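Report on the following structure.
The values are calculated or read from the model by the stated rules, or taken from the named source; none is laboratory data. None of the values given here were measured: they were computed from a predicted structure. Positions of Cβ are generated from backbone atoms using ideal geometry, with glycine treated the same way; all protein chains shown enter the neighbour counts.
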Amino acid sequence: MIQRTERRLALPLQAAIPLAAAAGAILDAGFPDRSWWILAPVGVALMLVALLGRGPWAGLLVGMVAGLSFWMIHISWLTLYLGPVPWLALAGLQSIFFGLSLAMIGIVLRVGPRVWPSAAGRLGLIPVVVAGLWTAREAISAVWPYGGFAWGRVALSQSEGPVNDLVAWVGMSGLSFLLVWLSALSVQLLRDTQVASPVRAGIAVGAIAGLLVIPAWPVIESGTARLAAVQGASDAGLFAQYSPGQILADHTSATLPLIGRKVDFVVWPENGSDIDPLRSKDAANVLDYLSREMKAPIIAGTITARGDKFYNSSLLWKYGEGAVDIYDKVHPVPFAEYMPDRAFWRPFAPELIDLISRDYAIGTRDNVFDINGIIAGIAICFDIADDQLVHEMIDDKSEIILAQTNNADFGRTDESVQQLAIARLRAIETGRSVVNISTVGTSAIIGPDGHTIDSLPTWVPGSMVQEVPLSTAVTPAMAAGRGIEWLVSGLGLAGFALCLLNARSPNAVRTHLNAVRTRRNRVRRA
């Protein structure tokens, strides 16, 4: 008989479901706007407790309840202009991913102690497998379907927490893995009965200390750039009603006071000009005038058209030359910037689908600009959440990242600070200064170590003029590429496969363990 090594912490299902709902809300509280970062691993740990003793179907239910609770709070900003349908649809889709992954984790928590019965297995392997499965779910939902939704990753809760430096070493997926690993280890320590209490406490303290003592990746400067970032405070997004030319006029007005200030370049946000200067002589004349008077190029977001295709674009505009380089957004947002499978989805919500009257095409150009010798990575809005695009700009020798966004459709909700949290972690992860410039905020310049160099109040026109460090150094996270994500996800999936196989044949597990004990006894007698 297998000796019992764990406490029974399993709750009745009628208690596990409300605990899962509470855990989702607690996890969200770890993210901006509240930024109570300590609550993120607590929320994850409570979800794991709610899974203890559950079978796959009950685990799926618990997981979907936890997922719905988290996502309905976390992306409530979607309802401001679009109403409840897209909010419920996206939260529902993400909760399905959540449910499936937590059902798999529940199997590992239930079967894992039989597969790995030693203390090293219970406390060493099981937390790794649990964290790997969680990270695999984040990785899949970040890229699929329709390009994915890379929001709500556990790592993003730590943008201003004490372990945010780790992202330079292990990347976004690696940081998520470590946080969930810590939560899973804590739960396993609570369950374990064979390891003495002082030892379990020492393991917990050692694990936390281990994450805290890893040094920050050093900031390695290759030079500096003096830039101006302009926030026009235009209450005009994809869905808000506004007069044509309003956004261009607002950003022009906010730039005029800068004339006479010496800068290397000026950056406007996504859709900083709502009139395409490639098709409008008047808009082109405005950018020409500003570029001439500032004696600097302007990086401005706008909507461009080539043939019958429209693009969400960023232009590198120089006086007398026009747009010398263009980046077209590679990751347009489905159901907002384009409607995938329009004919299929329209019958479900025709009025909502028809709001998106114009589909933006997917860009194919590289996401870097050479600004008079300064190589800048360009990210338009949700591009900053796309791991692959960030790796590509660093591979192309970017020295600084310009994150242009238009948050007007989300009002004064948490969306803009959630996006700023991504930008802050990207700065640390890449070792680059990041200029997060929005039409309405939250706009800030973030240094390579994650500290705020400058910021602007939301919904107030203004500008930031700062000299910021440039860098060509490559952090370990950037050098590893997506390899860390593949590694930890693979560990999780491989561990789950072993648990699934053994869950179907518990007698085989017992036979194997008895055989191991028999061999040990023979060795001892010999």
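Of all residues in the stretch 432-445, which are of a type outside the set (A, V, I, L, M) and outside any loop (DSSP other than H, G, I, E, B)?
S433, N436, S438
Condition check ((1) in contact with a strand residue (DSSP E or B) (Cβ under 7 Å, 6 or more places away or on another chain); (2) modelled with pLDDT under 95; (3) within 21 Å of V263 (Cβ to Cβ)) across all residues:
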position	(1), (2), (3)
I437	yes, no, yes
A444	yes, no, yes
I453	yes, no, yes
V488	no, no, no
A503	no, yes, no
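So which residues in the stretch 23-81 are in contact with an Asp or Glu (Cβ under 9 Å, 6 or more places away or on another chain) and either polar (S, T, N, Q) or not assigned by TED's automatic domain parsing to the domain that holds F496 (or both), if there are any at all?
S35, S69, S76
Table: residues versus (1) under 16 Å from E415 (Cα atoms); (2) aliphatic (A, V, I, L, M); (3) out of contact with any strand residue (DSSP E or B) (no Cβ under 8 Å at 6 or more places or on another chain).
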residue	(1), (2), (3)
A29	yes, yes, yes
S35	yes, no, yes
V44	no, yes, yes
A66	no, yes, yes
I73	yes, yes, yes
Q94	no, no, yes
P113	no, no, no
W116	no, no, yes
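Evaluate the stretch 162-175: report whether one residue or more is surrounded by fewer than 21 Cβ atoms within 10 Å (Cβ to Cβ), under 31 Å from the mean Cα position of the chain (by Cα) and among the β-branched types (V, I, T).
Checked the stretch 162-175: at least one residue is surrounded by fewer than 21 Cβ atoms within 10 Å (Cβ to Cβ), under 31 Å from the mean Cα position of the chain (by Cα) and among the β-branched types (V, I, T).
Just to be sure I understand, how many residues within the stretch 446-469 are crowded, with 19+ Cβ neighbours inside 10 Å and not in a loop (DSSP other than H, G, I, E, B)?
5
For the stretch 83-120: of the residues being among the hydrophobic types (A, V, I, L, M, F, W, C) and surrounded by fewer than 18 Cβ atoms within 10 Å (Cβ to Cβ), which is modelled with the highest pLDDT?
My answer is I96.
Filter the strands (runs of 3 or more DSSP E) completely within the stretch 259-378 down to those with at least 2 residues that are under 30 Å from W144 (Cβ atoms), of a type in the set (A, V, I, L, M, F, W, C) and in contact (Cβ under 8 Å) with a residue 12 or more places away in the chain.
298-306, 368-371
How many of the residues making up the stretch 123-148 are touching a strand residue (DSSP E or B) at 6+ places or on another chain (Cβ under 6 Å) and buried (at least 21 other Cβ atoms within 10 Å of the Cβ)?
Counting residues in the stretch 123-148 that are touching a strand residue (DSSP E or B) at 6+ places or on another chain (Cβ under 6 Å) and buried (at least 21 other Cβ atoms within 10 Å of the Cβ) gives 0.
Among the numbered criteria (1) in the same structural domain as Y81 (by TED's automatic domain parsing); (2) under 23 Å from I298 (Cα atoms); (3) not hydrophobic (A, V, I, L, M, F, W, C), which single criterion is violated by E485?
(2)
Every residue in the stretch 41-77 that is among the hydrophobic types (A, V, I, L, M, F, W, C), surrounded by 20 or more Cβ atoms within 10 Å (Cβ to Cβ) and in contact with a Phe, Trp or Tyr (Cβ under 7 Å, 6 or more places away or on another chain), please.
Across the stretch 41-77, the qualifying residues are M64, A66, I75.
Could you please find all residues in the stretch 104-121 being in a helix (DSSP H, G or I), over 23 Å from W486 (Cα atoms) and touching a residue at least 12 places away in the same chain (Cβ under 8 Å)?
Initial filter on the stretch 104-121 (in a helix (DSSP H, G or I)): 104-115, 119-121.
Filter once more, keeping what is over 23 Å from W486 (Cα atoms): 110-111, 113-115, 119-120.
Scanning the stretch 104-121 gives R110, V111, P113, R114, V115, A119.
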